[in-house]
Each structure stands twice: as structure tokens, then as C-alpha cells.
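Data first, discussion second: the structure below is written as C-alpha cells.
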Amino acid sequence: MFFDSHENSKRLVAEAERIRQEIGSSRTDTMLRLFDYLLEHSVAGHAPKELEIYHAVFAKGGASDASQDSTVRVYIHKLRKKLDEYYTDRPGPRIVIPKGEYRLTLIAAPGAAEGEPARPIATTIGNSLRKHKALTLIVMLFAVLNIAFWALMSWAYPSQPLPPAANSFFWRPLYQDGVASRPSLIVVADYYLIGEAVDDREVTHFIRDFSINSREDLEQYLMNHPQDFGHYIDINLSYLPSSTAVALDDIVPIVKAADRKKTRPSGSIIMTHLNPDILRKSNIVYVGFLSGLGMLRDPLFQASGFSIGESFDELIDRKTGKKYLADWGMFEGDSTPINDFGYIASMPGPAGNHILIVSGTRDAAVMQMAELVSDPEQLAALSKRVKGSDSFEALYHVRSIGNMNLDSSLLIARPLQTRGIWNGGKPNQLFPDTNPQSSRLNERRIEN
């Protein structure tokens, strides 16, 4: 139900004032400028054309053809989404942008009796999954995994003697007096999932696209591929590899012990929540696949003697050209031993802090490396190879059957070349997920 035009204008302005802070933070915010521009013209009874918005809001001067630029459509889509999110479970009238138009309109709660909460179009995973029991089960499984992870990380380890590995050279940077005031932060690799929707409404699949690793990446993709608006949807969901929980069982006690006497205790976050400010203020212990290094990846591989091959399952020694390729997925069944590669590193952070890497190409390697860095004897052997340095990398060959590790052997241990890695220089290589041959070829779909 639409209100009459005069009453609608008054109510529209009042409602707009109520939600402006949800749209943007300041007049310099592009989304807020677009909202205010549409509001001004809507109150005046004028629906601006795309080209008018293009020039007025986005400062696109000249005679450019807006039909050849998706900026307006991208931001209109984002603004619709913000409005939908704001009105979720809020009763009463709401501001909408009608499909195919560039104006704000105030409508009554669609299809709702008076006093009944409004039910906006399903643009979030919660609404669309009500009709998909199979997908709901998948969401629950992901939720259980995430809850289990956070429960593990928040577990209050009882007072106990210092873990033996804590006295080793690998963990020494976390215990040094010079960084005693910094908390230690465990950062775990997580992987961003996209919802694939039918008719802009029903999410029917989850997609893991290796070239889209955050909400910002998705927005950039949609700006370049406006035909996928409503087809690819941010569902605010990510998943963690199963090896993470096993690895953390070895690592958490050591990290927590390092922070016993610090004013700020140790903590944990997923990689997609790590930002430059947190990175500067904490000592970082990264746990996860090489493919999930996030903002640590470029500095690490500028310092490393390795480069990544055609996938993150392949490491190439720059000095010799030798390739180390994990054969994960090449064999069927759980009875054939497979080769995996574990990687650990220690390097300075950007602000006098320190970063430890416990990683690998696949699950077996990550679990084996976590076991290794909690074993004083294996760390002592590694210390001899790197001469006790606080800046080094080491590559291990890991053999496993299924998820059971058989053994590991040290292949390469050497210093890292860390000078200038935090100066913002360009990475010295392209990575598989930043230079995909085709986005569609790099996705994995989880069917309902």
C-alpha cells in the first residue's frame, strides 16, 4: 500500500532522518550522498535518470555514457540491500527503491496486518533458507564447527607448568621482555562463502570462489559483472578446515602460557577479521593453509625463498627451481599414502612485534606442523639447522594416510630476507587466486 503523495513526502523525510546513520557515516560517504540525492528528488516528485545520478553523485564529469559504467547500478543495489537489512524484523512503513526506478518511496509493511512484523524480500540467508531444509542443515554444520572453534579458543586452561616447547627458540619471541606488553593473537585461516540465488530470492547453493575472499571482493566482482546482481549474494558465512581444531589443541596452551603475566591476555580471530591495526599491536600466530594467509601472504613471500606454483598445493624453490607438489586429491580411498608439505616460519612484524606461521598445503601438513612446534626435540633439531634465528622458514615433507600422519622430514631450512617487506612494495609474484584464468573455473559449489 502506497501513501498519498503529500503525506508520503512528509513521512518519507521523517523516516529518512531516522535511518540516515544506517546508510553512511558522513556527507563524504558515497552511499549517504546517493541516499540524500534520491531523497531530495523524490520529495520534489522527480525520479532522476541514471546519467544524472552518475554525474551528480559520483563526480563523473564529461560526456561519459552511464550505460557503459555500472557504478550507479552497483550502488543502487547496495543501497537496496542496506535498506532491506535495516528493516529486517522491524514493523511499520519502510523506505524502498522500486525495481527499475531511481527514487525513494515509503510503503506500508508489505503483506502485513497492523502490528505484524514486516517481512522484506529475502535477501539474507536466514530468510531464504526457511524453505531449504537441506541447506539449513549445512548452515547448522558450519555453525557447529565455528562454535566449536570459538569454544576451544575461549577455554580457560587451568594453571599448569609451562609447556616444555615454550622454552624453545621458535616460541622465544612471544616470551621476550621487549614484547611482553603485546598480547599474542592466534589467527586462523577461514574461507569466504557466497550464496547463489535463483530469481534474486532463494539461495540454493553455497559457492567457494577462490578469487572472491571477502565481502569487498564480492562487491568489486559485482561492479565488474553487474549481470550477477541478485545471483551472487553475501551471506556473511565462512568455513574453517577441520585440521584447525586439531592443530589448535597443540598450540593454544603454549600461546596462553606466553601471556600469563601480560596485562592483555591472548586471544584469537579468523583471518578475514584481521586488519592492519590489530596486526601492528599483537604478536601473531597464524594457523592454517598456505592459501589462507590473507594479508600476511605478500610480506611472507617477499621474504621467502619459495614461490607458489599453479595452485597453493605447489611450492617452487626459487634457487633451484625444484617443485614440491602435494598430491592431495590424486588418489582415491584411504589406503594409499599421500605426500603433503608442511611450512613453518618466524619473522618480524611491521611494528616491532613478531609473527609465527604454522601452515601447510593441506590438512595433514597443518596438523603435523602444529605437533612439531609443540615438540621440544623436533624444535631443537630445527634450531640447529637455522642456528637459533628468529627469522627463518622451513619446509617439511609430510606423509599421511587419510587424516593420519605417518611421518615428516625436514627438506629445507633457511633465513628469510625480511628487509623492506612491510614497506608496501608490490608482491614479487602473482598468486592463483589473484590471477584466475576464469572465475567460474575456480569455484567449488556445495549443492543442496
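A few notes on this one:
- Any hit, the stretch 371-391, residues being at pLDDT 95 or above, open to solvent by less than 10 Å² (accessible area, probe 1.4 Å) and of a type outside the set (A, V, I, L, M): no
- Pairs linking a residue in the stretch 221-248 that is within 15 Å of residue 75 (Cα to Cα) to a residue that is of a type in the set (Asp, Glu) and buried (at least 18 other Cβ atoms within 10 Å of the Cβ), with Cβ atoms under 9 Å and 6 or more positions apart or on different chains, are 221/209; 233/196.
- Test for residue 256: is it under 21 Å from residue 370 (Cα atoms), among the basic types (Lys, Arg) and at pLDDT below 90: yes
- Residue within the stretch 432-439 that is out of contact with any Asp or Glu (no Cβ under 8 Å at 6 or more places or on another chain) and at pLDDT 85 or above present: no
- As a summary of the residue check, residue 151 satisfies the conditions (1) at pLDDT below 55; (2) in a loop (DSSP other than H, G, I, E, B); (3) under 21 Å from residue 285 (Cβ atoms) except for the one numbered (2).
- Among (1) more than 22 Å from the chain's Cα centre (by Cα); (2) at pLDDT below 95, the one test that residue 281 misses: (1)
- Only residues that are farther than 23 Å from residue 273 by Cβ and either open to solvent by 60 Å² or more (accessible area, probe 1.4 Å) or aliphatic (A, V, I, L, M) (or both) were counted across the stretch 210-229, and they come to 4.
- Among residues that are at pLDDT 80 or above and open to solvent by 10 Å² or more (accessible area, probe 1.4 Å), residue 192 is included.
- Where a residue in the stretch 374-400 is aromatic (Phe, Trp, Tyr) and its partner, wherever it lies, is in a strand (DSSP E or B), with Cβ under 6 Å and at least six apart: 392/346; 392/415; 396/342; 396/408; 396/410
- Close contacts from the stretch 303-325, counting a first residue that is assigned to a strand (DSSP E or B) and a second that is of a type in the set (Lys, Arg), with Cβ to Cβ under 9 Å and a gap of 6+ residues or different chains, come to 306/318; 307/318; 308/297; 314/323; 315/323; 316/322; 316/323; 317/323.
- Residue match in the stretch 222-236 (condition: modelled with pLDDT under 90 and on the phi > 0 side of the Ramachandran plot): yes
- Of the listed requirements (1) surrounded by fewer than 19 Cβ atoms within 10 Å (Cβ to Cβ); (2) modelled with pLDDT of 90 or more; (3) within 22 Å of the chain's Cα centre (by Cα), residue 446 misses just one: (2).
- Total residues in the stretch 350-370, condition open to solvent by 10 Å² or more (accessible area, probe 1.4 Å) and outside any helix (DSSP H, G or I): 5
The values are calculated or read from the model by the stated rules, or taken from the named source; none is laboratory data. Here the structure is a predicted model, which is why all the values come from computation and not from measurement. Glycine also receives a Cβ, built like all others from the backbone with ideal geometry; neighbour counts cover every protein chain displayed. These area figures cover heavy atoms from the full protein model, side chains too; ligands, DNA and RNA do not enter into them. Shrake-Rupley method; radii C 1.70, N 1.55, O 1.52, S 1.80 Å.
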